[in-house]
1. Sort out which residues of segment 4-31 are outside any strand (DSSP E or B) and surrounded by fewer than 17 Cβ atoms within 10 Å (Cβ to Cβ), and write them in order of number.
2. If you take the residues of segment 66-116 that are closer than 13 Å to Val2 by Cα and β-branched (Val, Ile, Thr), which of them is modelled with the highest pLDDT?
3. Does any residue in segment 1-29 that is farther than 11 Å from Tyr93 by Cα come within less than 7 Å, Cβ to Cβ, of a residue that is of a type in the set (Lys, Arg) and assigned to a strand (DSSP E or B) six or more places away or on a different chain, and which pairs are these?
4. Hey, could you check segment 62-84 for residues that are more than 12 Å from Tyr37 (Cβ to Cβ) and touching a residue at least 60 places away in the same chain (Cβ under 8 Å) and say which is surrounded by the most Cβ atoms within 10 Å (Cβ to Cβ)?
5. Could you look through segment 32-46, keep only residues that are part of a strand (DSSP E or B) and in contact with a Lys or Arg (Cβ under 8 Å, 6 or more places away or on another chain), and pick out the one that is surrounded by the fewest Cβ atoms within 10 Å (Cβ to Cβ)?
6. Of everything in segment 85-105 that's without any contact (Cβ under 8 Å) to a residue 12 or more places away in the chain and more than 17 Å from Ile58 (Cβ to Cβ), which residue is surrounded by the fewest Cβ atoms within 10 Å (Cβ to Cβ)?
7. Identify, from the list Ile51, Ile31, Ile69, the residue that is farther than 19 Å from Thr110 by Cβ and aliphatic (A, V, I, L, M).
Amino acid sequence: QVQPVESGGGLVQAGGSLRLSCATSGSIFSIDAMAWYRQAPGKQRHVVASITSTGNTIYVDSVKGRFTISRDNAKNTVYLQMNSLKPEDTGVYYCNSAVITVNTYWGQGTQVTVSS
């Protein structure tokens, strides 16, 4: 299964940009859909963007037009380009398969903090 290592987070002012990366120790080539998840303080983790093996993408309404998810199967890496960041984008970002089970392994995530 996927064993992700997320990076690229940080502290940024509102309106700024960050690019998150997710390197996986397992191959993502055979995984149809990969996703980025966000867990805001005191809230549950939820999907913000997903991408299939053929490049089809889905975004939650709150990030449409600002975030772009992409993947490089040859490098077993998934990316999340985040532009026009808002304070409500603050949270820990995780990547993983878009299909989650009770046995899914979660990495440590990467913290994104957007100041107003």
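1. Going residue by residue through segment 4-31, those that are outside any strand (DSSP E or B) are 8-9, 14-17, 25-31.
Gly8, Ala14, Gly15, Gly16, Ser17, Ser25, Gly26, Ser27, Phe29, Ser30 - these are the residues of segment 4-31 that are outside any strand (DSSP E or B) and surrounded by fewer than 17 Cβ atoms within 10 Å (Cβ to Cβ).
2. By that ranking, first place goes to Val78.
3. Taking only residues 6 or more apart or on different chains, the pairs are Ile28/Arg71.
4. Going through the qualifying residues, I end up with Met82.
5. First, pick out the residues of segment 32-46 that are part of a strand (DSSP E or B): 33-39, 46.
Applying the additional criterion that residues be in contact with a Lys or Arg (Cβ under 8 Å, 6 or more places away or on another chain) yields 34, 37-39, 46.
Working: Met34: 26, Tyr37: 22, Arg38: 24, Gln39: 15, His46: 12.
Looking at the filtered set, the residue picked out is His46.
6. Narrowing segment 85-105 to residues without any contact (Cβ under 8 Å) to a residue 12 or more places away in the chain: 100-102.
Filter once more, keeping what is more than 17 Å from Ile58 (Cβ to Cβ): 101-102.
Values: Thr101: 7, Val102: 4.
Among those that are without any contact (Cβ under 8 Å) to a residue 12 or more places away in the chain and more than 17 Å from Ile58 (Cβ to Cβ), it is Val102.
7. Details: Ile51 fails: farther than 19 Å from Thr110 by Cβ; Ile69 fails: farther than 19 Å from Thr110 by Cβ.
It is Ile31.
The values are calculated or read from the model by the stated rules, or taken from the named source; none is laboratory data. What you see is a predicted model; the values in this text were computed from it and never measured. Using ideal geometry, Cβ is built from the backbone for each residue, glycine included, and neighbour counts are taken over all protein chains shown.
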